[in-house]
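The values are calculated or read from the model by the stated rules, or taken from the named source; none is laboratory data. Here the structure is a predicted model, which means the values were calculated and not measured. Neighbour counts are summed over all protein chains in view; Cβ atoms, including those assigned to glycine, are modelled from backbone coordinates with ideal geometry.
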Amino acid sequence: MHIVSNLMKFLEADTMQMPNVNQEAHHLKENLPEVATWDDLLYTIYVRQTIEAGLEDSEAGRELDVNEVRAKFGLSA
């Protein structure tokens, strides 16, 4: 998916400093294809927020082993 790959490239390049929300929104918009829809933009924002939240959780030690998650939901290993 083109949108997600562009977002991942941006996240990799932007780990040292976080731009303000206006700068970030502009950057996300500029990296969308010309034919992008509102849904594409909203999805891109959602993915960005989800990745950032996951990275913050990981850095803060808020993570679970895959076996713990499987056990919690009654899934086999």
Answer yes or no: is there a residue in the stretch 66-76 that is under 12 Å from the mean Cα position of the chain (by Cα) and either surrounded by 10 or more Cβ atoms within 10 Å (Cβ to Cβ) or at pLDDT below 90 (or both). no
Contact list please: Cβ distance under 6 Å, first residue in the stretch 24-46 and in contact (Cβ under 8 Å) with a residue 40 or more places away in the chain and loosely packed, with under 15 Cβ neighbours inside 10 Å, second residue of a type in the set (Asp, Glu) and not in a helix (DSSP H, G or I), pairs at least six apart or on different chains. none
List the pairs whose first member sits in the stretch 52-77 and is at negative phi and in a helix (DSSP H, G or I), whose second member is surrounded by 10 or more Cβ atoms within 10 Å (Cβ to Cβ) and modelled with pLDDT under 95, and whose Cβ atoms are under 7 Å apart, counting only residues at least 6 apart or on separate chains? Asp57/Glu63
